[in-house]
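Structure, as structure tokens:
The values are calculated or read from the model by the stated rules, or taken from the named source; none is laboratory data. The shown structure was predicted, so the numbers you read here are calculated from the model rather than taken from an experiment. Positions of Cβ are backbone-derived with ideal geometry, glycine not excepted, and every protein chain shown enters the neighbour counts.
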Amino acid sequence: MLVNAAPYLDVERFHYQFAYLLPYKNALVGELERAGFAVHCLNGARGPQWMARLRRLVKEQRIDIIHAHLPYTAIGARLAFNRDRKVRIVYTEHNMWTRYKAITAWGNSMTFARNDHVFTVSNEVKGSVRYRSLPAGRRRPRLETLYHGPDPEALKQWASVDGVREELGIPHDAPIVGTVANLKVHKGYQYLLQAAVRVRELIPDVRFICVGLGPLEDELRRKSEQLGLNGTVIFTGFRDDAPRLMKSFDVFALPSLHEGLPIALVEAMMLGKPAVVTRAGGTPEVVEDGRQGFLVESRDPEALADRIISLLSDASLRQRMGAEAKRRAADFDIRRSVARMEHLYDELTGSARV
């Protein structure tokens with residue numbers, strides 16, 4: 001989201017800087033620095049000392065607003081500036097509160113009132129934010145759903161790029177089902193593999209492309225082999241050209257068990273791909289069942305397979321839903337969310353430098 005937003009930040013009105021905690025969590029640093037932004041690492045090791053470094057950074061750079069995107073960093077910022085009301089705190093909640101570990105949920109809840117404003121990435125996430133009491137003298141911060149999506153201009157660079165089938169050894173007429181997601185339990189890959197078995201029974205030349213990295217990679221590769229899916233399921237690992245691969249998909253599938261709001265889904269829709277996704281988190285706010293694709297229940301590989309088969313078997317249906325998907329994805333343009341965030345920054349501090 002930060003990288004997608006970077007080209008549209010108003011650097012004439014606001015002075016943006018970025019900060020992160022652990023040195024090895026630096027995947028976005030290069031892109032942000034190339035875009036002309038200062039990036040700071042607050043910590044060389046795990047521990048609360050990063051909060052003191054944040055305080056120094058805020059003082060040295062005369063920062064007016066901290067906008068946090070993870071509960072741990074948000075908790076630390078709220079504690080570090082609990083008594084300093086001159087520093088305004090904005091928080092974007094990306095996850096369902098029911099998914100947090102007990103200690104994270106407790107810390108988030110106990111410090112939540114220090115936020116000056118809270119964005120949530122979907123209405124489903126917004127509805128999950130519940131806490132019982134507020135400290136004396138503190139009011140409940142305003143919650144606002146703000147959809148964050150891809151950068152349509154960045155996706156245009158892939159419009160004329162092809163060669164995916166040749167690169168991955170996929171026949172030119174083989175239908176492709178694809179997904180882009182971390183290889184983690186909550187993304188539901190195990191159910192996608194089970195669905196792939198059923199789809200292949202009716203469409204023998206189908207291919208499934210799985211783009212992403214994660215702790216389940218070895219396990220999922222073994223499971224794919226055990227199910228006899230070698231040659232059918234292709235694990236690509238991390239790809240910085242994921243939209244290029246998406247462009248080759250006939251159907252985008254996302255079998256998640258829970259979600260905030262999946263940006264990869266919106267990217268695929270922006271590329272005109274119909275989707276088969278689970279009713280998880282904010283996905284029903286993106287895909288209307290029967291219009292831009294199909295919604296199925298989580299942990300139901302048969303329903304997932306049946307809907308994929310429906311789309312692969314009907315070219316006109318794919319085309320119609322793909323066109324609807326592209327229209328719907330325009331509502332999640334990152335430029336809209338940047339404009340709203342910057343309007344809020346002005347509301348909080350007038351002509352503040354952020």
Practice problem: For Pro175, indicate whether it is touching a Leu at 6+ places or on another chain (Cβ under 6 Å) and within 27 Å of Asp314 (Cβ to Cβ). | Solution: yes
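Which members of the stretch 214-257 meet the condition of being in a strand (DSSP E or B) and within 24 Å of Arg279 (Cα to Cα)?
In the first step, residues of the stretch 214-257 are kept if they are in a strand (DSSP E or B); the result is 230, 233-237, 251-254.
If the condition is that a residue be in a strand (DSSP E or B) and within 24 Å of Arg279 (Cα to Cα), then Val233, Val251, Phe252, Ala253, Leu254 are the ones that fit.
Looking at the stretch 144-174, which of the residues that are assigned to a loop (DSSP other than H, G, I, E, B) and touching a strand residue (DSSP E or B) at 6+ places or on another chain (Cβ under 7 Å) is farthest from Leu229 (Cα to Cα)? Spell out how you get there, then give the answer.
Of the residues in the stretch 144-174, the ones assigned to a loop (DSSP other than H, G, I, E, B) are 146-151, 159-163, 169-174.
Then drop every residue that is not touching a strand residue (DSSP E or B) at 6+ places or on another chain (Cβ under 7 Å), which leaves 146, 170, 174.
Working: Leu146: 40, Ile170: 14, Ala174: 15 Å.
So the residue we want is Leu146.
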Quiz item: Can you tell which of Gly322, Gly281 is of a type outside the set (S, T, N, Q), crowded, with 21+ Cβ neighbours inside 10 Å, within 30 Å of Ala5 (Cα to Cα) and at pLDDT below 95?
Solution: Gly281
Quiz item: Among (1) crowded, with 17+ Cβ neighbours inside 10 Å; (2) of a type in the set (Lys, Arg); (3) without any contact (Cβ under 8 Å) to a residue 60 or more places away in the chain, which single condition is Lys156 missing?
Solution: (1)
Quiz item: Within the stretch 62-91, how many residues turn out to be touching a strand residue (DSSP E or B) at 6+ places or on another chain (Cβ under 8 Å), of a type in the set (Val, Ile, Thr) and not in a loop (DSSP other than H, G, I, E, B)?
Solution: 4
Quiz item: Which is in the same structural domain as Met269 (by TED's automatic domain parsing), basic (Lys, Arg) and within 25 Å of the chain's Cα centre (by Cα), of Lys126, Lys187?
Solution: Lys187
Practice problem: Search the stretch 308-330 for residues that are charged (D, E, K, R) and pair each with any residue that is assigned to a helix (DSSP H, G or I) when their beta-carbon atoms are under 7 Å apart and the residues are at least 6 apart or on different chains. | Solution: Arg318/Leu311; Lys326/Met269; Lys326/Met270; Arg328/Met269
Quiz item: Got at least one residue in the stretch 215-230 being modelled with pLDDT of 95 or more and either of a type in the set (Phe, Trp, Tyr) or not assigned by TED's automatic domain parsing to the domain that holds Val287 (or both)?
Solution: no
Quiz item: Which of (1) closer than 19 Å to Arg88 by Cβ; (2) assigned to a loop (DSSP other than H, G, I, E, B) is the odd one out, the single condition Leu57 does not satisfy?
Solution: (2)
Quiz prompt | Answer residue from the stretch 47-78, given it is within 30 Å of Met96 (Cβ to Cβ) and touching a Lys or Arg at 6+ places or on another chain (Cβ under 7 Å) and is surrounded by the most Cβ atoms within 10 Å (Cβ to Cβ) among those | solution = Arg78
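For residues that are part of a loop (DSSP other than H, G, I, E, B) and of a type in the set (A, V, I, L, M), tally how many sit in the stretch 204-213. Quick ask: steps written out before the conclusion?
Narrowing the stretch 204-213 to residues part of a loop (DSSP other than H, G, I, E, B): 204-206, 212-213.
Imposing the further condition that a residue be of a type in the set (A, V, I, L, M) reduces the set to 206, 213.
Residues in the stretch 204-213 being part of a loop (DSSP other than H, G, I, E, B) and of a type in the set (A, V, I, L, M): 2 in total.
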Quiz item: Hey, Phe294 hits all of (1) in a helix (DSSP H, G or I); (2) crowded, with 16+ Cβ neighbours inside 10 Å but one; which does it fall short on?
Solution: (1)
Practice problem: Pick out the one residue from Ile203, Ile234, Ile263, Ile209 that is in contact with a Cys (Cβ under 8 Å, 6 or more places away or on another chain), touching a residue at least 12 places away in the same chain (Cβ under 8 Å) and among the hydrophobic types (A, V, I, L, M, F, W, C). | Solution: Ile234
Exercise. For Asn182, state whether it is within 28 Å of Pro215 (Cα to Cα), in a loop (DSSP other than H, G, I, E, B) and not assigned by TED's automatic domain parsing to the domain that holds Val233.
Key: no
Practice problem: Identify, by number, the condition in (1) of a type in the set (A, V, I, L, M); (2) within 27 Å of Thr98 (Cβ to Cβ); (3) in contact with a Gly (Cβ under 9 Å, 6 or more places away or on another chain) that Ala325 doesn't meet. | Solution: (2)
Self-check item: For Gly260: the one exception among (1) closer than 23 Å to Ile309 by Cβ; (2) assigned to a loop (DSSP other than H, G, I, E, B)
Solution: (1)
